[in-house]
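The values are calculated or read from the model by the stated rules, or taken from the named source; none is laboratory data. As the structure is a prediction and not an experimental result, all values here were calculated from the model. Glycine gets a Cβ as well: all are built from the backbone with ideal geometry, and neighbour counts include every protein chain shown.
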Amino acid sequence: AAEAAGGWARTPVKERAAVLVRAADILDSHADEFGAELTREEGKTLPEGIAEVRRAAEILRFNAEEAHRPAGEMFHSPRRGERIIVARKPLGVVAAITPWNFPIAIPAWKIAPALVHGNVVVWKPASLVPLLAFRLAQALNDAGLPPGVLTLVIGPGRIGQALVEHPGVHALTFTGSTEIGTELMKTCAALRKPVQTEMGGKNAAVVLADADLDRAARAIVSGAMVSTGQKCTATSRLVVERDVEDDLLDRIDALVEALQVGDGLDPAVAIGPAASGSAQRDITRAVKHAQAEGATLRAQSALPRIGGSEDGYFVRPCVLTLPDTRAAVWREEVFGPVLASVSAVDRDHAFALANDSDFGLSGSVFTSNLGAALDAVSHFDVGVLHVNSETTGADPHVPFGGVKASGYGPKEQGRASREFFTTTTTVYLAD
Ligand code: SIN
């Protein structure tokens, strides 16, 4: 990577971008095949697997457009005969550490901006999803990326720490747990390396009494349960105004009980298995622990009855109601299809409950009142806010990332990614 860095930084940006576009074409033309591999490897349903491969292609194309955007800014000078230019330059060798839940989209949204801005990348994907990592690396390689510009390192978690400590690595972009992200941030701070982390979430949906309850219920169930709840942005907390609590929860219960859990390759299935045996055990344990702490189990999907699938890592999407917000299931990330609900007496109380979390990645507010929606913009402590839609999702052209324990450093995606993947030199240019 170090040997390749200088040559790649000097490669015209149009050429760098063209590699991304060709790689996007390769991903699109193999979307069905790679999508099915994604389903087999990670567990999400086939439509989600295919959509994720296409999303990775879209992310590569968006970042290729960087070739047409300014590479810096010019300022007036207070002195006669001088201009001031702020030039954007690559960081050098960037380490990317990526999670298993979006095995191709999240790597794409780190690697594509890194490359187009002239950095080289050493990439350590989660060891659970090596095949999809290989597919992305292969697509970029087949698209003409020179040797050493992207290095794929597959292996256990400790490789991540070793990478970050390596003197040849200049910066880290990380997505994963808050615990590991915080450890890596400490290492980066000690070594004075720029770091960007996207970490956990405990995302709340706030449903106010004037909301369209059918719409809210559908969005909340989708946000909480799709991908088996294994999204940083999944809805895991529900705050509902007391006047509509029963109406809303009845609707949510019915939708959850109708969800079909099973093999993600089966077209009838909405919810695939958890990604691993340990994920399955953690989710099941968290639900039992919540009940021991006083939660009431209101609704649960059935386990699959398909012959041959009995040993799969299936979990039952469920809805819990809580007497208060002290339970671990309210505070700690479960990373599974588990929705914990509390009621609020009014709007202010609802936002206070939603903010009662160490995390601040994503949130939803369901209301037909513009003032309430604007209130949420001002007072809901999240990096991504959805009004009348589910907490999940991230478009490639807008910033993505959280506040509090959910994220640190410049945001990802959109033009925001330039903040992290470049450094600036301020040039005082006198004639
Ligand atoms: C994530 O939640 O892990 C990624 C963002 C998304 O697509 O929802």
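Here the range 127-180 is the region considered, the condition is being among the small types (Gly, Ala, Ser) and closer than 24 Å to GLN413 by Cβ, and the residue that is farthest from the ligand (Cβ to nearest atom) is ALA143.
Restricting attention to the range 294-313 and to residues that are buried (at least 16 other Cβ atoms within 10 Å of the Cβ) and closer than 21 Å to GLU332 by Cβ, the residue that is nearest to the chain's Cα centre (by Cα) turns out to be TYR313.
Scanning the range 182-208 for residues that are in a loop (DSSP other than H, G, I, E, B), in contact with a helix residue (DSSP H, G or I) (Cβ under 8 Å, 6 or more places away or on another chain) and either away from the ligand (no atom under 16 Å from the Cβ) or not hydrophobic (A, V, I, L, M, F, W, C) (or both) gives LYS193, PRO194, GLY200, LYS202, LEU208.
Here SER222 meets each of (1) in a strand (DSSP E or B); (2) within 16 Å of the ligand (Cβ to nearest atom); (3) of a type outside the set (A, V, I, L, M); (4) surrounded by fewer than 22 Cβ atoms within 10 Å (Cβ to Cβ) with one exception, condition (1).
When VAL94, VAL153, VAL120 are screened for being more than 30 Å from VAL319 (Cβ to Cβ), at pLDDT 95 or above, aliphatic (A, V, I, L, M) and surrounded by fewer than 23 Cβ atoms within 10 Å (Cβ to Cβ), only VAL153 passes. The set of residues from the range 359-376 being away from the ligand (no atom under 16 Å from the Cβ) and not aromatic (Phe, Trp, Tyr) comprises VAL365, THR367, SER368, ASN369, LEU370, GLY371, ALA372, ALA373, LEU374, ASP375, ALA376. Just give me the residues in the range 285-332 being within 23 Å of GLY201 (Cβ to Cβ), basic (Lys, Arg) and either modelled with pLDDT under 95 or part of a loop (DSSP other than H, G, I, E, B) (or both), in sequence order. If the condition is that a residue be within 23 Å of GLY201 (Cβ to Cβ), basic (Lys, Arg) and either modelled with pLDDT under 95 or part of a loop (DSSP other than H, G, I, E, B) (or both), then ARG316, ARG326 are the ones that fit. Report whether or not ARG158 is surrounded by fewer than 20 Cβ atoms within 10 Å (Cβ to Cβ) and at pLDDT below 95. Against the criterion (surrounded by fewer than 20 Cβ atoms within 10 Å (Cβ to Cβ) and at pLDDT below 95), ARG158 qualifies.
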